Amino acid sequence: MTMGFPIINYKATNTDLDERLQTLLEQKLTSLDKYIGEETDIKCDVEFEKMSTGHSGQIYRVEVNLWLAGKLYRAEDTLESFEKAIDEVRSELDKELRRANKKKETLIKRGGRAIKEMMQTGG
């Protein structure tokens, strides 16, 4: 794991915590490092849950709660395998983080324009 990504706290409900799944999840989430940057206020909780054992199909649930600089990013999906659910959760987090990053950049640019206008007009 790279330096940017936090330690992940795992929880398993109605299933064994599989080291292979943990490794897969960590590899997928490491691709989100670009949004984390130098931030140190990070916490990540992950839950693997096998829903009702009497059913088949979409019974594998993965939930990720990622706190980054005090803001919660959350993704959850229930599919026919933990691997597919991990992929979907990573995609959802990527979308949320990209949206938040774009919003922050827009606010910074807007602030820069306002300062430039104030300097040009004399305040």
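Every number in this text was worked out from the coordinates using simple rules, so none of it is lab data. The structure displayed is predicted, hence computed values, not measured ones. Here the Cβ positions follow ideal geometry from the backbone for every residue, glycine too, while neighbour counts run over all protein chains shown.
Between Lys43 and Met118, what is the FRET efficiency for a Förster distance of 41 Å, r being their Cβ-Cβ separation, to the nearest 0.05?
Efficiency, from the Cβ-Cβ distance: 0.60.
Putting +1 on Lys and Arg Cβ atoms and -1 on Asp and Glu Cβ atoms, find which of Phe5, Val62, Thr78 reaches farthest to the positive end of the dipole of the chain.
Of Phe5, Val62, Thr78, it is Phe5.
Using a Gaussian network model of the chain whose springs link C-alpha atoms within less than 10 Å, name the residue from Ala75, Ala85, Ala100 with the highest mean-square fluctuation.
Ala100
Can you tell me the relative contact order of the chain? Whole percent, Cα pairs under 8 Å, sequence separation 6 or more.
21 percent
If I stretch the segment between Gln58 and Glu83 completely, what's the gain in nm (0.36 nm per residue apart, minus their alpha carbon distance), one decimal?
The Gln58-Glu83 span can extend by a further 7.8 nm.
Can you give the charge dipole size of the chain about its Cα centre, rounded to the nearest 20 debye, using +1 on the beta carbon of Lys and Arg and -1 on the beta carbon of Asp and Glu?
940 debye
Using only the alpha carbons of the stretch 8-95, what is the convex hull's orientation-averaged projected area in square nanometres?
The directionally averaged projection comes out at 5.4 nm².
Helix-only mean residue ellipticity at 222 nm, the chain, DSSP H runs n ≥ 4 weighted -39,500 (n - 2.57), per residue, nearest 500. What is it?
Using -39500 (n - 2.57) per qualifying helix, the result is -15500 deg cm²/dmol.
How big is the Rg/Rh ratio for the stretch 3-51, C-alpha atoms only, Rh by Kirkwood, two decimals?
1.02
Using 1/(1 + (r/R0)^6) with R0 = 41 angstrom and r between the beta carbons of Leu24 and Arg110, what's the FRET efficiency to the nearest 0.05?
Given R0 = 41 Å and the Cβ-Cβ separation, E is 0.55.
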